[in-house]
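The values are calculated or read from the model by the stated rules, or taken from the named source; none is laboratory data. Keep in mind that what you see is a predicted model, and the values were worked out from it rather than measured. Cβ: placed from backbone, ideal geometry, glycine included. Neighbour counts: every protein chain shown. Just so you know, the surface numbers come from the protein's heavy atoms only, side chains and all, with ligands and any DNA or RNA stripped out. Shrake-Rupley method; radii C 1.70, N 1.55, O 1.52, S 1.80 Å.
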Amino acid sequence: MPATSDFVVLHGCSSSLLLHAPVGGWPSVLYFGERLGGGVSAAEVFRLRRRQGAKGGPSEEVVATLSCEPGTGYLGPSGLNVHREGRSWAPTLRVISVEQEEGCAEIRCRDDAHGVHAVYRFTLDARNDVLAIDTELGNDGDDRLAIDWAAVACIPLAPELDELMHFSGRWSGEFQTDRHRLRQGGFLVENRRGRTSHDRFPGLVLCTARTDERAGACLGVHLAWSGNSRLRVDTLADGRRILQCGELLLPGELRLAANERYRTPRLYLRHSASGLSEMSAGFHDYFHRKLKGARTGGRPRPVHYNTWEAVYFDHSLPVLTELVDAAADIGVERFVLDDGWFKGRRDERSGLGDWVVDRGVFPEGLHPLIERVHSRGMEFGLWVEPEMISEDSDLFRAHPDWVLAAPPAAQTPFRHQLVLDMARPEVADNVFGQIDALLDEYEIGYLKWDMNRDLNHPGARAGTASVHAQTHAVYSLIDRLREKHPQIEIESCASGGARTDLGILARTDRLWVSDNNDAIDRQRIQRGASFFFPLSVIGAHVGARRCHVTNRVLPMALRAPTAMFGHLGVEADLLGMDDADRAELGAAIALYKEHRELIHGGELVRLDGLAWQNAIGVVSRDRRSALFSYCQLESHDEVLPGVLRFAGLDATLRYRLRLIWPASDCTPTPQALENSGLTGDGYEVSGEALVKAGLQLPLLYPQTCLVFALDSV
Ligand code: GLA
């Protein structure tokens, strides 16, 4: 329906979006924040927020439009850099039409002189207040239009949002959160790795100095894209602060022919006036709904066993069969055969590209193994890395020119592998054919889709840069396989968490957020990932007693509950595990199964705490049951660890509070736990007391995790 005024108004449950989009004029975001009531008109907000010109500047301040394009005279960083061989660099996109429907608005803009048009689509999901923005740019001219930068949209930020959280990291140390005050100038996150990356996650949180998990304004930002990205927040000298996010384009990477269009990745925003946990809950609800497809819908997420850290490349049918049995014995439901099963893959130097079973290791193919997995009541999953190729492979010997490269620059060595140019149809067809044949031959319910190197030289055959095309080609390949094999679930992995974003999650079902199974590190990594992703998709494995990545020895009493608050799996070598650990792990898996509907379907609350603590909880939608995990990561200075104030509970209800983990001793003063009355059946207490007064925590050994169950009485 065409809009009847100069304004677009979209309301969610807790937020409102106001856009100013007068036909013939410039479009801009007027307001995105706490929900405005029916008595507030967009016109009055426009009037209230009108800025004046200042001495020493233009007589009327230049509006920050949806693209902050140079033709408007805007002198902050532009949100749209285009040109035709250096000309046509200063377009101005004026509104030509506005369509609005329930929860959704589409603003079409055009610059006839420069032959450019833009279509901005805003969709505010009223169930969870997630705002999705998609933008399309089109070349209406006759000659090629180069796009150097196209922010999805330029969003002026509310003045109180002057702090920023971002998520950096490294291999085995993903989702490290950092928070600081924004100052004059720009804050920039640029990822050029050709995959989402470990270190430059395409997400931010803007907030105030007072915002914490329970209170205060915040704005979550996530670009749903698995290639290169740029997120920037510019604080201008005039006091305005503008957010821009989009795909980072390499030189010459995107040149639109006449009538060709470019669609930006989707940008997600979620505003909350009530703290960080509520913001995350909005994202979780949105992503849950998107993921509730035919594949996982309604089905409990199966407990995994993954073979990687148990056997690495050393595959043998007898050992794997023993592992299958050991996994089934402790309650595992899906057995995933990791790297090492395919032709010539005895170490990381060879084999990628040849997706056929190694007959030297598995003379009868994978049939005997899969039969064993099925006979023990489990589903079978298989590791693949479809975009990659080893120089020592039949595929490379046949097609050495199928790789991305930027000659004469030498390839950067990286795990002995190169990247296939997936945008070439013959390459994509070949890989599709091989994976498709595997899925046809074997009953495989699950693929772990890995991607283990950066794209240091992402050049296509034509000599052009190709991260944009590569990313779309990978998406298409997954979509094509999905279409043919709709029952398959897929996990997104890239050397751990280097491809964790909603672009990939829209077509996959689980995120392997880190190769690091050290439970202490995992507490932080999973907490960071939970700002955007629900626990149901965060893969979390119980690793070896002595962690393979950090060499730290951690007890099962900590490793198991850490993995329980995610999509639980086991990666430790079950054959080398002692009986006590195995029994404790079996008990944890049983406990997880008992509570996983709540863990995966409830609302996540993160509790504020000190650096040596991590406490989170999940509360059922009706607030009648909850599970809380309190983890003491290190030693502390004071005599006792302080008070745990629960959150998300219904203050009007009474709950039975029980300590359900650990089963074994975790405190230097065991009588303190017994005397607390929390073990066994626990005791009844009001929700209000739990939230307002909180529970005094007992003295605990460091590296201890307590899990509390609450059920309304
Ligand atoms: C990557 C993954 C690991 C494992 C190995 C196999 O590093 O993140 O989980 O699958 O590859 O080579």
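How about Lys593: which aspartates and glutamates have a C-alpha closer than 13 Å to its C-alpha, ignoring those fewer than 8 places off in the same chain?
Cross-link targets: Glu333.
Relative contact order (percent) for the chain, with alpha-carbon contacts under 8 angstrom and 6 or more residues of separation?
With pairs under 8 Å counted, the relative contact order is 10 percent.
Taking θ = phi - 60°, what integer Hz values does the Karplus form 6.51 cos²θ - 1.76 cosθ + 1.60 yield along region 693-707, in sequence order, with x for Gly and Pro?
Each residue of region 693-707 in turn: 8, x, 10, 5, 7, x, 5, 10, 5, x, 6, 10, 10, 10, 10 Hz.
Give me D for region 431-539 in µm² s⁻¹, whole number, from Stokes-Einstein with Rh from the Kirkwood sum over alpha-carbon pairs, 4 °C and 1.567 mPa s.
It comes out at roughly 84 µm²/s.
Give me, ordered by chain and number, the residues 5 or more places off Glu391 or on other chains with an amide H under 5 Å from its own placed amide H.
Leu418
For the chain, which whole percent of the accessible surface, found with a 1.4 angstrom probe, sits on carbon and sulfur atoms? Intermediate values should be presented prior to the final figure.
On the way: 13560 of 27150 Å².
C and S fraction of accessible area: 50 percent.
In the chain, if the dipole is taken from +1 on Lys/Arg beta carbons and -1 on Asp/Glu beta carbons about the Cα centre, which of Ser15, Val324, Ile478 is farthest to the positive end?
Farthest along the dipole direction, towards plus: Ser15.
Using only the Cα atoms of region 67-109, what are the Rg and Dmax in Å?
Cα only, region 67-109: 13.2, 42 Å (Rg, Dmax).
What FRET efficiency do you get for Glu441 and Ser41 if R0 is 45 Å and r is their Cβ-Cβ distance, rounded to the nearest 0.05?
Numbers: r = 64 Å, r/R0 = 1.42.
Efficiency computed from Cβ-Cβ geometry: 0.10.
Full-extension gain between Arg144 and Arg546, please, as 0.36 nm times their residue separation minus the C-alpha to C-alpha distance.
Values: separation 402, 0.36 × 402 = 144.72 nm, distance 5.77 nm.
Contour length minus Cα-Cα distance gives 139.0 nm.
Place a label point 7 angstrom from the Cα of Ala406 along the Cα-to-Cβ direction, then list the residues of region 437-478 whose backbone nitrogen is under 11 Å away.
455-460, 464-467
Using Cα pairs under 8 angstrom and six or more residues apart, how large is the relative contact order of region 394-504, in percent?
RCO, region 394-504: 32 percent.
Read phi for every residue in region 107-114 and hand back ³J(HN,Hα) as whole Hz from Karplus 6.51 cos²θ - 1.76 cosθ + 1.60, θ = phi - 60°, with x for Gly and Pro.
For region 107-114, the Karplus curve yields 10, 9, 10, 8, 10, 5, 4, 9 Hz.
Work the Kirkwood hydrodynamic radius out for region 458-514: mean of 1/r over every pair of different alpha-carbon atoms, inverted, in Å.
Numbers: mean 1/r = 0.0805 Å⁻¹.
After inverting the pairwise mean of 1/r, the radius is 12.4 Å.
Name the residues whose placed amide hydrogens come within less than 5 Å of the amide hydrogen of Thr196, ignoring near sequence neighbours (fewer than 5 apart) on the same chain.
Amide H to amide H, under 5 Å and 5 or more residues apart or across chains, Thr196 pairs with Thr500.
With 25 Å as the limit, write out which pairs from Lys290/Lys692; Lys448/Lys484; Lys290/Lys448; Lys343/Lys448; Lys290/Lys484 have Cα-Cα distances beyond it, or answer none.
Details: Lys290/Lys692 35 Å; Lys448/Lys484 17 Å; Lys290/Lys448 20 Å; Lys343/Lys448 18 Å; Lys290/Lys484 20 Å.
Exceeds cut-off: Lys290/Lys692.
Determine the distance separating the Cα centre of region 402-441 from the Cα centre of region 92-171; give it in Å without decimals.
Using only Cα atoms, the two centres lie 33 Å from each other.
Per residue, how much accessible area does region 420-501 have with a 1.4 Å probe, in Å²?
Computed with neighbouring chains in place, this is 31 Å² per residue.
Run the numbers for Phe414 and Leu75: contour at 0.36 nm per residue of separation, minus the present Cα-Cα distance, in nm. Intermediate results must be reported in sequence, preceding the final value.
Numbers: separation 339, 0.36 × 339 = 122.04 nm, distance 4.10 nm.
Extending this stretch completely gives an extra 117.9 nm.
Multiply the residue gap between Trp171 and Asp622 by 0.36 nm, knock off their C-alpha separation, and tell me the result in nm, one decimal place.
158.5 nm
Determine the dipole magnitude for the chain: charges of +1 sit on the beta-carbon of Lys and Arg, -1 on that of Asp and Glu, nothing else is charged, the reference point is the Cα centre, and the result goes in debye to the nearest 20.
Roughly 1700 debye, rounded to the nearest 20.
Give me the log10 of I(q) over I(0) for region 501-601 at q = 0.16, 0.21, 0.25 Å⁻¹, as the Debye formula computes it from C-alpha points; what are the numbers?
Taking Cα atoms of region 501-601 as identical point scatterers yields -0.66, -1.07, -1.37.
Could you list log10 I(q)/I(0) for region 420-472 at q = 0.15, 0.17, 0.31 Å⁻¹, which the Debye formula gives when each Cα is one point scatterer?
With no solvent term, the Cα-only Debye profile gives -0.54, -0.66, -1.24.
Mind jotting down the three principal axis lengths of the chain based on Cα atoms? Whole angstrom, largest first.
Principal extents (Cα only, largest first): 77, 69, 44 Å.
Hey, what do the phi angles of region 369-385 turn into as Karplus ³J(HN,Hα) couplings, whole Hz, using 6.51/-1.76/1.60 and θ = phi - 60°, x for Gly and Pro?
Each residue of region 369-385 in turn: 5, 5, 4, 5, 4, 5, 5, 8, x, 10, 9, 10, x, 9, 7, 9, 9 Hz.
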